[in-house]
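The values are calculated or read from the model by the stated rules, or taken from the named source; none is laboratory data. Given the structure is predicted, the values throughout are model-derived calculations rather than measurements. Here the Cβ positions follow ideal geometry from the backbone for every residue, glycine too, while neighbour counts run over all protein chains shown. Heads up: the accessible areas ignore ligands, DNA and RNA and are worked out on the full protein's heavy atoms, side chains in. Shrake-Rupley method; radii C 1.70, N 1.55, O 1.52, S 1.80 Å.
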Amino acid sequence: MTTMTQPGIIHPTSPASEYDLSGIMGALYGDGILGLKGAFSREWAQHLGEDIAVLYEAALKRPGGAVGRGTNRHYVEIHPETVRGFTELVTHPWVHTVCASVLGPEYKIVEIGFDVPGPGAKDQPWHRDFPVGDETLIGRRLNSLAFNITTVDVEEDMGPFEIAPGTQWDDPSLYDHGMFPPTSLYERYQARAQRKFPKMGDISVRSALTIHRGTANQSQKSRPVLVLGVDAPGAGNHEKHDFQVTRAFYETLPQEVRDHLLCRIVEELEPIVQGHTIEGLMMGDA
């Protein structure tokens, strides 16, 4: 059986078919975040980090290649075939189980990219990644998930990710652009805040509506993290992204992956001009 030894962390000791579905649903509808320790090998994470480093350097040199998310922070949307391990990631039994359980069996992968908080990055303002829709605000149903995979062992001074559990259900009527709570609510988030310190090979999943922020990176090291965005049918987040694969790459993918891709199939990859901007993060820090 799957065992729970820490809130929000699953340690698998049995086949994928026996993942605790009630635990998955309870975590994402409750805290809004869930993690799996040791989902991948450290070597797998190291290769991912090497690929991200090359892509990041190239993106910074290309107009529109990276979008600012605050001081010394960038987000880069990428093509799945430019990183090793994409197929292993999206076919991981836990990833599939989480997506199917929360979003339904016809879930769609709509985004892959990475965040890099570099040395000197400051505290971000508390925020959501996009405004909440009626399906969640009124219908109380989550229709999108974001998976995060670190490429480094996160330490206290590296600007760890911070989240305020349970806030995916908060009323956004006072939020700027439906995403940025007023500072008068910060005390609520500080009281609930949890900082996350994943290791290479770990993976987490969250509702991007749960209030969160990146904290100040006081080290001399970057903290790259891969982002995989997944939608329930009709969620519409694909409209913010330019998810593309070449026909040659598409034909190498197993049918179980093709069935869950919402993407453009192209003969040659086209440079991505970053479209998922978050103005409140580009404007400055907390």
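Counting only protein heavy atoms and using a 1.4 Å probe, what share of the accessible area of the chain belongs to carbon plus sulfur, as a whole percent?
Of the solvent-accessible surface of the chain, carbon and sulfur hold 53 percent.
Helix by helix, which DSSP H runs in the chain go 27 Å or more along their axis at the Cα atoms and have an average Kyte-Doolittle hydropathy of -1.0 or more?
Span-like helices, by this rule, are 42-61.
Of the listed peptides 239-247, 265-273, what is their order by residue-averaged count of other C-beta atoms within 10 Å, with the highest listed first?
Output ranking for 239-247, 265-273: 239-247, 265-273.
³J(HN,Hα) across region 224-235 via Karplus (A = 6.51, B = -1.76, C = 1.60, θ = phi - 60°), whole Hz, x for Gly/Pro?
x, 9, 6, 10, 10, x, 10, 10, 6, x, x, 5
Sorted by average packing, counted as other Cβ atoms within 10 angstrom per residue and highest first, what order do 54-66, 38-50 take?
Those peptides, ordered most packed to least, come out 38-50, 54-66.
Quick one: what are the phi-derived ³J(HN,Hα) couplings along region 147-158, Karplus 6.51/-1.76/1.60 with θ = phi - 60°, whole Hz, x for glycine and proline?
Per residue, the Karplus-derived 3J(HN,Hα) values read 9, 10, 10, 6, 10, 9, 7, 7, 10, 4, 8, 9 Hz.
Quick check for you: with a 1.4 Å probe and neighbouring chains kept, what is the accessible area per residue of the chain, in Å²?
Value for the chain: 44 Å² per residue.
What do the square roots of 5 times the Cα gyration tensor eigenvalues come to for region 211-254, in whole Å, largest first, as semi-axes of the equivalent ellipsoid?
Each semi-axis is the square root of five times an eigenvalue, giving 31, 18, 9 Å.
Using alpha carbons only, how many angstrom separate the centre of region 131-196 from the centre of region 19-33?
16 Å
Assigning unit charges at the beta carbon (Lys, Arg +1; Asp, Glu -1) and nothing else, what dipole magnitude in debye, to the nearest 20, does the chain show about its Cα centre?
Using only the charged Cβ atoms, the result is roughly 480 debye.
Where a Cα-Cα gap under 17 Å defines reach, which aspartates and glutamates qualify for LYS240, not counting those fewer than 8 residues away within the same chain?
Candidates past the 8-residue exclusion: GLU77, GLU111, ASP115, ASP129, ASP231, GLU270, GLU279.
Compute the semi-axes of the equivalent ellipsoid of region 96-175, taking the square root of 5 times each eigenvalue of the Cα gyration tensor, and list them largest first in whole Å.
26, 19, 11
Whole number please: convex hull volume per residue, Cα atoms of the chain, in Å³. Walk me through the numbers before you get to the answer.
On the way: hull volume 35.3 nm³, N = 286.
Considering the Cα atoms of the chain, their hull volume per residue is 123 Å³.
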